[in-house]
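J.: A single structure is presented below for examination.
The values are calculated or read from the model by the stated rules, or taken from the named source; none is laboratory data. What you are looking at is a predicted structure, and each value in this text was computed from that prediction instead of being measured. Glycine also receives a Cβ, built like all others from the backbone with ideal geometry; neighbour counts cover every protein chain displayed. Ligands, DNA and RNA are stripped out before the accessible areas are found, and what is left, the full protein with its side chains, is counted by its heavy atoms. Shrake-Rupley method; radii C 1.70, N 1.55, O 1.52, S 1.80 Å.
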Amino acid sequence: MASIDEHILKAAKEIVVKFIECGRLSPTGFAETFQSVYKTVDETVKSRQKPPEKVPEARIVAPAPKPHNSVKKP
């Protein structure tokens, strides 16, 4: 799976490409707009990430011994 940074990069690129396709941005303005969009997406995503939760260590518990039937059959 791609890292968060790769997803941010792809999202920023798609946003700027859509601006160009819709005529709201000239291809010559790609570099400047891309930096602005990338920074905004990056800050937004990373400000909403939760810090990783600590997973409690698993304990291996041995099963209780089964009782022995000490009754002998005749």
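J.: Take K50, K10 and sort them by solvent-accessible surface of the protein heavy atoms, 1.4 Å probe, largest at the top.
T.: The most accessible residue leads, giving K50, K10.
J.: If you don't mind, another one. Order V17, V41, most accessible first, counting only protein heavy atoms with a 1.4 angstrom probe.
T.: Sorted descending by solvent-accessible area, the residues read V17, V41.
J.: Okay, moving on. Lys and Arg at +1, Asp and Glu at -1: add these up for the other residues within a Cβ distance under 13 Å of Y38 and post the number. Walk me through the numbers on the way to the answer.
T.: Details: positive: K10, K13, K39, K46; negative: D5, E6, E14, E32, D42, E43.
Result for the neighbourhood of Y38: -2.
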